[in-house]
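*Asks:* Right, I'll just put the structure down here and ask away after.
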Amino acid sequence: MYSFQYSVHHTSKKPNTPSGDCYFVKSYGDTVLISIADGLGSGPDARDAAQKMIDEIEKRAEAGNTPLSLLQEGNRSLHGSRGSVVGIAMIDNRNQQVAYAGIGNITCLVVTRERKKQYLISNPGFLNGRPFRAIERYLPFYPDDTIVLFSDGIELPNNWEYVIANGLSPEKTLKRLVQEMKRIDDDATLIVGKWYKEDSV
């Protein structure tokens, strides 16, 4: 048996104000779903758009939906909102594969223990209830691999692939990344995760 372990860095642009980023992580069986939504701009209106998207993803996460179908369902909830960019990764440990669909500047990448890095690219644009174009992308994902998902408020340090591939826990990996990365004046969310055998956690 495997369990998915992850750690999150989540901050707002200004202290004591709601972040325009929202996120959702859920494991069910051999699958885990990770998503970040970043409402356009900052403040309450951005938060409202991002939260609507995440609420819809959370509601439908176990209904057999794919990342692309979750984008489509979430998009319907954004009519009249400021709009949001979003990335959704679904990791299937049994089939050793990650599926990804995204719109806008959410970054998703997979790093192996050998420091091989592969990006899962989002389609350009943002969601606001209007029709959009996106495709699902797929990569192999093995228990020793690490997935990293982050919003545009994050700029990883120059040595990030070495930090991620060094075998540390997601919590320790994220702590090092946050300590060494450049600060950006924006809402920021960074998620780091990987599968572990339960007897090794």
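The values are calculated or read from the model by the stated rules, or taken from the named source; none is laboratory data. All values derive from a computational prediction rather than experimental measurement. So basically every Cβ, Gly included, is an ideal-geometry build from the backbone, and we count neighbours across all protein chains shown. With ligands, DNA and RNA removed, areas are computed over all heavy atoms of the protein, side chains included. Shrake-Rupley method; radii C 1.70, N 1.55, O 1.52, S 1.80 Å.
*Asks:* Using heavy-atom solvent-accessible surface (probe 1.4 Å) with all chains present, what is the largest-first order of Lys59, Lys52? It would help to have the intermediate numbers written out before the result.
*Replies:* Values: Lys59 140, Lys52 70 Å².
Highest to lowest solvent-accessible surface, that is Lys59, Lys52.
*Asks:* Relative contact order for the range 33-183: what is it in percent, counting Cα pairs under 8 Å that are at least 6 residues apart?
*Replies:* Details: 308 pairs, mean separation 32.5, N = 151.
Answer for the range 33-183 is 22 percent.
*Asks:* While we're looking at this one, here's another question. Determine which aspartates and glutamates satisfy two conditions relative to Lys182: a Cα distance under 16 Å, and not lying fewer than 8 residues away in the same chain.
*Replies:* Within the straight-line limit of under 16 Å, Lys182 reaches these aspartates and glutamates: Asp152, Glu155, Glu161.
*Asks:* When you take every Cα atom in the range 110-201, what is the radius of gyration, and what is Dmax, the widest Cα pair distance, in Å?
*Replies:* Radius of gyration, then largest Cα-Cα span, for the range 110-201: 15.1, 47 Å.
*Asks:* Here's another thing I want to ask about it. Just from the alpha-carbon atoms, what are the Rg and Dmax of the range 14-104 in angstroms?
*Replies:* So, for the range 14-104, Rg and Dmax equal 13.3, 43 Å respectively.
*Asks:* Need one number: the % of Cα-Cα pairs in the chain sitting beyond the 22 Å mark. Intermediate results must be reported in sequence, preceding the final value.
*Replies:* Working: 8843 of 20100 pairs.
I get 44 percent for the Cα pairs in the chain exceeding 22 Å.
*Asks:* If you roll a 1.4 Å probe over the chain with all protein chains in place, what percent of the accessible area is carbon or sulfur? Mind showing how you got there, number by number?
*Replies:* Numbers: 4330 of 9730 Å².
Result for the chain: 44 percent of the exposed heavy-atom area is carbon or sulfur.
*Asks:* If you put +1 on each Lys and Arg Cβ and -1 on each Asp and Glu Cβ, how big is the dipole of the range 87-194 around its Cα centre, in Debye rounded to 20? Kindly include the intermediate steps, with their values, before the conclusion.
*Replies:* Details: 14 positive and 13 negative charges, 42 e Å.
Rounded to the nearest 20 debye, it is 200 debye.
*Asks:* Next question, about the same structure. If the elastic network links every pair of Cα atoms under 10 Å, which of Ser122, Ser35, Ser77 fluctuates the most in the Gaussian network model of the chain?
*Replies:* Highest fluctuation among the options: Ser77.
*Asks:* Using R₀ = 45 Å, calculate the FRET efficiency as 1/(1 + (r/R₀)^6) where r is the Cβ-Cβ separation of His79 and Asn166; round to 0.05. Walk me through the intermediate numbers first.
*Replies:* On the way: r = 45 Å, r/R0 = 1.00.
Result of the calculation: an efficiency of 0.50.
*Asks:* Continuing with this model, one more query. Take the cross-link list Lys59/Lys197; Lys59/Lys175; Lys117/Lys175; Lys52/Lys194 and give me the ones stretching past 23 Å between alpha-carbons. Could you put the intermediate results ahead of the total?
*Replies:* On the way: Lys59/Lys197 28 Å; Lys59/Lys175 30 Å; Lys117/Lys175 20 Å; Lys52/Lys194 27 Å.
Result: Lys59/Lys197; Lys59/Lys175; Lys52/Lys194 exceed 23 Å.
*Asks:* Further, regarding this structure: Give me the 1.4 Å probe accessible area per residue for the range 101-160, excluding ligands and nucleic acids, in Å². Mind dumping the intermediate values first?
*Replies:* Working: 3050 Å² over 60 residues.
On a per-residue basis, the range 101-160 sits at 51 Å².
*Asks:* Could I ask something else about it? Longest exposed-loop-site-free stretch of the chain, with GluC sites (Glu not before Pro), DSSP loop and at most 13 other Cβ within 10 Å? Don't skip to the answer; put the middle values down first.
*Replies:* Details: sites that count: Glu62, Glu114.
By the stated rule (loop sites, at most 13 other Cβ atoms within 10 Å), 115-201.
*Asks:* Between the range 123-201 and the range 1-42, what is the separation of their alpha carbon centroids in Å?
*Replies:* Each part reduced to its Cα centre gives a spacing of 10 Å.
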